[in-house]
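**Q** The structure that follows is given in the form of structure tokens.
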Amino acid sequence: MQPTSPNAFRPARRSVLLALGGAALAGCGVPAAYVAPGDRAGADLSSSDHRLTWANWPLYIDVDDEDETKRPTLDAFEERTGISVEYVEEINDNDEFFGKISPALMNHQRTDRDLIVISDWMCARFVRLGWVQEMDRSRQPHVTRYLDPLLREPAFDPGRRFTVPWQSGITGIAYNKRRLGREIRQVSDLWADDLKGRVTLLSGLDEAFALLMQGNGVDITRWTADDFHTVCEQVERQVKSGHIRRFTGNDYIKDLSTGDVLACQAYSGDVIQLQADNPDIEFVVPEEGAELWSESLMIPNLARHKTNAERLIDYYYEPEVAAELAAWVNYVCPVPAAQDVLASAKDEETAALAEDPLIFPDAAMRERLVIARDITADERVEFAKKWNGIVGL
């Protein structure tokens with residue numbers, strides 16, 4: 001169950017908003033693109049056609065160390081249920097994938113995918129446009145029972161009717177404690193004089209804004225346009241003064257590893273892998289709080305194997321299965337009950353993962369984790385233009 005450092009090679013999933021093209025369409029909620037509830041379901045062939053197609057990101061599922069063609073948890077599902085899963089690692093960027101399947105969805109056509117995994121901020125667009133189907137929780141008793149309470153009520157999908165977290169994570173601050181010579185506890189610590197030119201922020205609007213607002217004491221579940229513009233003004237000042245070295249995707253990992261950067265916005269899953277090679281790297285959830293995010297499973301409109309997909313989702317919420325997956329991917333596990341499963345593992349390294357707060361946040365950390373309100377359709381184009389102008393995209 002021990003991973004072979006998948007995060008070191010995984011492309012950024014909380015990706016940069018590089019262009020306004022596809023995003024503008026989804027963000028503006030073009031009336032013709034909206035699909036009414038009665039037009040979302042297709043003929044479900046699950047009872048007679050025992051298969052499904054699942055689109056996911058690269059290196060985002062457990063793989064057998066001896067045979068990379070085998071995925072132990074998925075193989076076990078197929079053997080148990082007789083359902084054949086075509087697992088396609090085709091998602092490398094949220095906006096790119098949006099552009100790939102949006103023509104079919106807006107034109108009321110099948111995508112030929114029964115299950116997809118995308119970041120929650122992009123899930124919000126799909127839910128808003130009516131492009132995904134409500135799940136039948138009567139078929140998902142494990143999701144109902146074991147889904148982390150912190151993840152149950154995102155603003156874009158109250159009650160998680162249309163989405164179920166695949167894996168979760170935290171956007172916080174990573175820093176090299178030995179090189180810096182002190183602790184970082186607050187977002188404002190990034191702006192200390194001894195960090196001038198040695199700080200990076202995430203370049204994607206959806207990735208960066210929440211933590212910076214939290215540094216200003218903002219409740220990110222109900223942030224306002226004024227809160228956003230205040231952050232932009234602050235960041236712009238830090239750019240002009242030379243304090244911010246640059247804006248990054250997941251390439252902050254290299255800067256932090258080499259020492260070119262001493263502190264940066266970072267994702268919890270990446271830092272677990274960095275710490276394996278460099279114990280001087282620390283990850284902090286600031287005193288003001290940090291953003292808890294997910295990449296979530298959704299069933300697109302007109303999917304032909306909805307029941308099979310719902311069954312697969314529920315399988316991954318069995319604590320034993322969730323534990324096996326968590327031990328490989330090293331992100332925040334959306335099934336807290338998996339912690340006890342890992343703790344009882346005979347392998348010491350595997351059992352130690354149960355005590356890692358970046359996989360199973362402890363009570364003190366959980367109190368500071370919040371799911372941000374998503375950027376609305378009316379806000380997106382204006383805010384993206386403003387942010388991208390500062391970042392240089």
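A short reminder: the numbers here are calculations on the coordinates, not readings from a lab. Keep in mind that what you see is a predicted model, and the values were worked out from it rather than measured. So basically every Cβ, Gly included, is an ideal-geometry build from the backbone, and we count neighbours across all protein chains shown.
**Q** Which value, in nm² and rounded to one decimal, describes the direction-averaged projected area of the C-alpha convex hull of the chain?
**A** On the way: hull surface 73.1 nm².
Over every viewing direction, the Cα hull of the chain projects on average to 18.3 nm².
**Q** Another question, then. For an R0 of 25 angstrom, estimate the FRET efficiency from the Cβ-Cβ distance between D277 and N92 and round to the nearest 0.05.
**A** After rounding to 0.05, the efficiency reads 0.50.
**Q** Calculate one ³J(HN,Hα) per residue across the range 52-66 by plugging θ = phi - 60° into the Karplus curve 6.51 cos²θ - 1.76 cosθ + 1.60, and present them in order as whole Hz with x for glycine and proline.
**A** 6, 10, 10, 9, 9, 7, x, 6, 10, 8, 5, 10, 5, 5, 8
**Q** Would you work out the relative contact order for the range 255-393, in percent, from Cα pairs under 8 angstrom that are 6 or more residues apart?
**A** 24
**Q** Next question, about the same structure. Provide Rg over Rh for the range 115-192; use the alpha carbon set for both Rg and the Kirkwood Rh (inverse mean inverse pair distance).
**A** Reported Rg/Rh, Kirkwood definition of Rh: 1.17.
**Q** Please work out how many pairs of lysine residues in the chain are eight or more positions apart (or on different chains) and have Cα atoms closer than 17 angstrom. Don't jump to the answer; show the numbers that get you there.
**A** Numbers: K177/K196; K177/K254; K196/K240; K240/K386.
Lysine pairs meeting the criterion: 4.
**Q** For the range 338-393, restrict the atom set to alpha-carbon positions and state the Rg and Dmax in Å.
**A** In order Rg, Dmax, the Cα atoms of the range 338-393 give 19.6, 53 Å.
**Q** Under 5 Å between amide hydrogens, which residues at least 5 positions from I244 or on another chain qualify, with H placed 1.01 Å from N in the peptide plane?
**A** Excluding prolines and chain starts, which carry no amide H, the hits are G197, V239.
**Q** Taking only DSSP H segments of four or more residues, each worth -39500 (n - 2.57), what value at 222 nm results for the chain once the sum is divided by all its residues, to the nearest 500 deg cm²/dmol? If you can, show how the numbers build up before the last one.
**A** On the way: 16 runs with 146 residues, N = 393.
Taking each H run of at least 4 residues, the total per residue is -10500 deg cm²/dmol.
**Q** Nearest 5 percent is fine: what portion of the DSSP beta bridges confined to the chain is antiparallel?
**A** So the antiparallel bridges amount to about 60 percent of the total.
**Q** Using only alpha carbon pairs under 8 Å that are at least six residues apart, calculate the relative contact order of the chain and give it in whole percent.
**A** On the way: 727 pairs, mean separation 114.3, N = 393.
Value for the chain: 29 percent.
**Q** Quickly work out the S188-to-S47 label distance, labels modelled 7 Å from Cα along the C-beta direction, and quote it in nm with one decimal.
**A** Once both label points are built, they end up 6.3 nm from each other.
**Q** What are the ³J(HN,Hα) values, in whole Hz, obtained from phi via the Karplus relation 6.51 cos²θ - 1.76 cosθ + 1.60 with θ = phi - 60°, for each residue of the range 245-254 in sequence order, with x given for Gly and Pro?
**A** For the range 245-254, the Karplus curve yields 5, 5, 10, 9, x, 6, 6, 4, 4, 5 Hz.
**Q** Using Cα-Cα distances under 8 Å and only pairs 6 or more residues apart, what relative contact order does the range 210-279 have, in percent? Intermediate values should be presented prior to the final figure.
**A** Working: 22 pairs, mean separation 11.9, N = 70.
Dividing the mean separation by the residue count of the range 210-279 yields 17 percent.
**Q** On to the next question. Could you tell me the distance between the Cα centroids of the range 328-363 and the range 96-160, to the nearest Å?
**A** 26
**Q** Residues of the range 315-344 with backbone nitrogen within less than 14 Å of a virtual label 7 Å along the Cα-to-Cβ line of R152, please, listed as ranges.
**A** Inside the label zone: 335-337.
**Q** Check I371: other-chain or 5+ apart residues with amide H under 5 Å from its amide H, H built from backbone geometry?
**A** L292
**Q** Now for a separate question. For the range 44-171, compute Rh as the Kirkwood radius over C-alpha pairs and then the Stokes-Einstein diffusion coefficient at 4 °C and 1.567 mPa s; write the answer in µm²/s, rounded to an integer. Show your work: numbers first, answer last.
**A** Details: Rh = 16.3 Å.
Estimated via Stokes-Einstein, D reaches 79 µm²/s.
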